[in-house]
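**Student:** I am attaching a structure below and will ask some questions about it afterwards.
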Amino acid sequence: MANPTELMLEDLSQKYAGIPISNAFLRLYTDEAQFGRVFASIHERLNGHFEAINDRAETTGHYWAESSREMLALAKEVVDVLQSLGQAGIEVRLSEAYAAAIKSCQSWLVRSGGSTVPDDFEQIQIVKYEAILFRPDADIQLKKHKVRNQLRLIGEGSYAKVFSFVDPDYGIKFALKRANKDLGERDLYRFRQEFEILKRLKFPYVVEVYQYDEARREYKMEFCESTLRNYIKKRNGVLRFSSRKRIALQFLYGINYIHSEGLLHRDVSLQNVLVKTFNGGAVLVKLSDFGLAKDRNSEYTRTKTEMRGTIRDPLLVSFREYGVGNEIYSIGWVLSYIFTGREALMSGTDTPSHIVRKCTAHDVTDRYKSVLELIGDVEKLEATPTDAPA
């Protein structure tokens, strides 16, 4: 059975197939294979009306009756096209300047007898050499090739969305993290700081970032195929303890490194630890999401006191007082999941359970004093113990 959405999109595309369109406008939408003619046609006709209205405003102050009706119909057509695409899950935007110009014209255009151009009419700025219709969250401008690559949404949080795309220069998949549009000034600052922190960290078990785009409020980063939660969940029945131990140590080596750099992550969780996979089953653990990181060299991170983060230490009273002991608590939860594949703290009598209990002790003074100390105990675990938790 045909998909109704696909039929609707096909009809929309076919509707404009026979409409004559100048190459001057078609060339602006060459990267839009399916709807390029739709956008070019709308753009060309809007420009025609806007140029005529600008001229009539300076001469007769009157816009013809038939042209007025056509412009009003075109305004409705723009709304209908955007709504139809939106219903199909395709977000397309009209430039703010053109949207405002259409709204202004609708306020004085009438369907019969012609339309009187207002005395306070302001000339419309005509856009001839760049697109006025575009997909804001479905493409990315690549500077070298000057082409737009499709993005695929792979993650979404309260601060940002994460997309993947393939770089045409190298055929390599990258990730792109884009701040949400409604992000406040403080959280946008944190988003920018997250990039700056990751940019100065160079370690195998920390995700690598490459380039920040100030205008689009986004940055490119290393692509990882999975979160730690999903990686273990899919393999929990067959994942050997030796593999779990290697994953645990990579995770701990990463945490120990950022601590040595004067940072506390403050949001260690199963979602914020990524896994990069390779042929043959090899994996690399990558720490990510440093939006709540506390840098001892930055006063800014010390002014935020509300409790945040996915795994919160019940003994932590104020986020300002967050320390290594509190980070150890979150680490214990992640280690428990690595060893068992269950999102509940281990309660057995084996050595891995003892390690987890020490991380999450009800008295902070009973916890590991450093990640380095914790690494020492995990490294001593037998690769194939008889009491292995998985």
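**Student:** Select from the range 203-231 the residues that are more than 18 Å from Ile154 (Cβ to Cβ), at pLDDT 95 or above and either touching a Ser or Thr at 6+ places or on another chain (Cβ under 6 Å) or not hydrophobic (A, V, I, L, M, F, W, C) (or both) and list them in ascending order.
**Tutor:** Selection gives Pro204, Tyr205.
**Student:** Evaluate the range 189-208: report whether one residue or more is outside the structural domain of Thr277 (by TED's automatic domain parsing), of a type in the set (A, V, I, L, M, F, W, C), touching a Lys or Arg at 6+ places or on another chain (Cβ under 6 Å) and part of a loop (DSSP other than H, G, I, E, B).
**Tutor:** Yes, that holds for at least one residue.
**Student:** If you don't mind, there's one more thing I want to ask. So, in the range 71-85, of the ones that are surrounded by 12 or more Cβ atoms within 10 Å (Cβ to Cβ) and farther than 12 Å from Ile42 by Cα, which residue ends up farthest from the chain's Cα centre (by Cα)?
**Tutor:** Looking at the filtered set, the residue picked out is Leu72.
**Student:** When the residues of the range 303-345 are filtered to those that are β-branched (Val, Ile, Thr) and part of a loop (DSSP other than H, G, I, E, B), which remaining residue is modelled with the lowest pLDDT?
**Tutor:** Thr303
**Student:** Out of all the residues in the range 173-184, is one or more outside the structural domain of His259 (by TED's automatic domain parsing), at pLDDT 95 or above, over 16 Å from the mean Cα position of the chain (by Cα) and surrounded by 17 or more Cβ atoms within 10 Å (Cβ to Cβ)?
**Tutor:** Within the range 173-184 (the criterion being outside the structural domain of His259 (by TED's automatic domain parsing), at pLDDT 95 or above, over 16 Å from the mean Cα position of the chain (by Cα) and surrounded by 17 or more Cβ atoms within 10 Å (Cβ to Cβ)), the answer is no, since none of the residues qualifies.
**Student:** Might you let me know whether the range 218-231 holds any residue that is over 23 Å from Gly281 (Cα atoms), assigned to a loop (DSSP other than H, G, I, E, B) and in the same structural domain as Val162 (by TED's automatic domain parsing)?
**Tutor:** no
**Student:** For a quick check of your reading: which helices (runs of 4 or more DSSP H) sit entirely within the range 1-68 and have at least 3 residues that are touching a residue at least 40 places away in the same chain (Cβ under 8 Å) and under 36 Å from the mean Cα position of the chain (by Cα)?
**Tutor:** 4-15, 36-58
The values are calculated or read from the model by the stated rules, or taken from the named source; none is laboratory data. Model, not experiment: these values are computed from the prediction. Neighbour counts run over all protein chains shown; Cβ positions are idealised from the backbone, glycine included.
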